[in-house]
1. Open to solvent by 30 Å² or more (accessible area, probe 1.4 Å) and modelled with pLDDT of 95 or more, is that true of Asn135?
2. Return the pair list, or none, for Cβ contacts closer than 9 Å from residues in the stretch 70-82 that are among the polar types (S, T, N, Q) to residues that are buried (at least 17 other Cβ atoms within 10 Å of the Cβ) and assigned to a helix (DSSP H, G or I), at least 6 apart or on different chains.
3. May I ask you to list the residues in the stretch 94-111 that are farther than 20 Å from Asn62 by Cβ and either open to solvent by less than 20 Å² (accessible area, probe 1.4 Å) or at pLDDT 90 or above (or both)?
4. Could you figure out which of (1) modelled with pLDDT of 90 or more; (2) out of contact with any strand residue (DSSP E or B) (no Cβ under 6 Å at 6 or more places or on another chain); (3) not in a loop (DSSP other than H, G, I, E, B) isn't true of Thr156?
5. What is the number of the single condition among (1) assigned to a helix (DSSP H, G or I); (2) over 14 Å from Ile155 (Cα atoms) that Ala20 does not meet?
6. Go over the candidates Ala26, Ala87 one by one and state the one that is under 20 Å from Pro146 (Cα atoms), surrounded by fewer than 17 Cβ atoms within 10 Å (Cβ to Cβ) and modelled with pLDDT under 90.
7. Out of Ser88, Ser131, Ser160, report the one residue that is of a type outside the set (Asp, Glu) and within 23 Å of the chain's Cα centre (by Cα).
8. Within the stretch 141-151, can you find the residues that are at pLDDT 95 or above and either in a loop (DSSP other than H, G, I, E, B) or of a type in the set (Ser, Thr, Tyr) (or both)?
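The values are calculated or read from the model by the stated rules, or taken from the named source; none is laboratory data. Quantities reported herein were computed from a predicted structural model and do not represent experimental measurements. Here the Cβ positions follow ideal geometry from the backbone for every residue, glycine too, while neighbour counts run over all protein chains shown. SASA here: full protein model, heavy atoms, side chains in, ligands and nucleic acids out. Shrake-Rupley method; radii C 1.70, N 1.55, O 1.52, S 1.80 Å.
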Amino acid sequence: MPEVQHFVAREQELSDIWKALSCSDARRVVVLHGLGGIGKTQLTIAYAKRHRTEYSAFFWINSKDEDSIKQSFAKVARRILREYPSASRLAAVDMTGKLDEVVDAVLQWLSLPQNTQWLIAYDNYDNPKLSGQTNRTAVDIRQFLPEAYHGSIIITTRSSQVDIGKRMRVEKIKDVRHSLEILSHASGRQGVLKGTYIIQLRIATIKCQHRP
C-alpha cells in the first residue's frame, strides 16, 4: 500500500468510517470521495491499521482501470493461496491464464459463508461507469464486488456520483495545527509548531494590550 510515514488527525472521519462499517443490516460499503491528493488513500490505510485486529484479512485493489483491478486480484489470489493452500477453487485456477477466472475465483472465496471478516479497499476508482455515460474506458466496479453482503468495503474516488453504500466527502484539513504538523513532518522542521505557538501567543498579547 502507498503509505506515508506520518498520518495526521482526521479522527472524526476515522470514527465515521468505523460506524458505517459496523452496521449489519446492509452491505457494509463506504465511498470516500474528494479531490485528488486530499488524503482518501491515507485515510483508508490509517483505518485499516487502527482496526486490523477486527479483520481476518485486508486486501488492496488498484482500481485505476479494469486491467489494474484484474492484476490486483491476481496478487490477492496468490496471497490467499499462500495463507490457505486448501482453497480449492483458487488452487484450480491457472494464475497465468485468463484473469477473469482469477477474479471470479477470488470473489467466490470472499463470498464463502464462513469467510465474513475481511476488509477490501478499491483505491483510485476515478473513472466510474455512470448511468447514461458512453465512455468505453469507464469501469463498473459492481462487477468486481463480492456477491455476499458480509465483509467490509472501502472505495476511494474523485467522483461524487459513485452511488454505492455510504458516501463520505473527504475535505481539506481545517485545523491549522494539524496542517502545520503535516508541514513539519514533510519539511523536517520540527520547530514549525513551536514557532506557530509563539506567534499566536504574541498576537494574543498584542490584542490584550490594545483592549480598551
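1. So Asn135 does not fit the description; no.
2. These pairs meet every condition: Gln71/Leu99.
3. To start, the set of residues in the stretch 94-111 that are farther than 20 Å from Asn62 by Cβ comprises 94, 97, 108, 111.
Result: Gln108, Ser111.
4. Thr156 satisfies all of (1) modelled with pLDDT of 90 or more; (2) out of contact with any strand residue (DSSP E or B) (no Cβ under 6 Å at 6 or more places or on another chain); (3) not in a loop (DSSP other than H, G, I, E, B) except (2).
5. In the conditions (1) assigned to a helix (DSSP H, G or I); (2) over 14 Å from Ile155 (Cα atoms), Ala20 misses (2) alone.
6. Numbers: Ala87 fails: surrounded by fewer than 17 Cβ atoms within 10 Å (Cβ to Cβ).
The unique qualifying residue is Ala26.
7. On the way: Ser88 fails: within 23 Å of the chain's Cα centre (by Cα); Ser131 fails: within 23 Å of the chain's Cα centre (by Cα).
Matching residue, one of Ser88, Ser131, Ser160: Ser160.
8. Hit for the stretch 141-151 is Leu145, nothing else.
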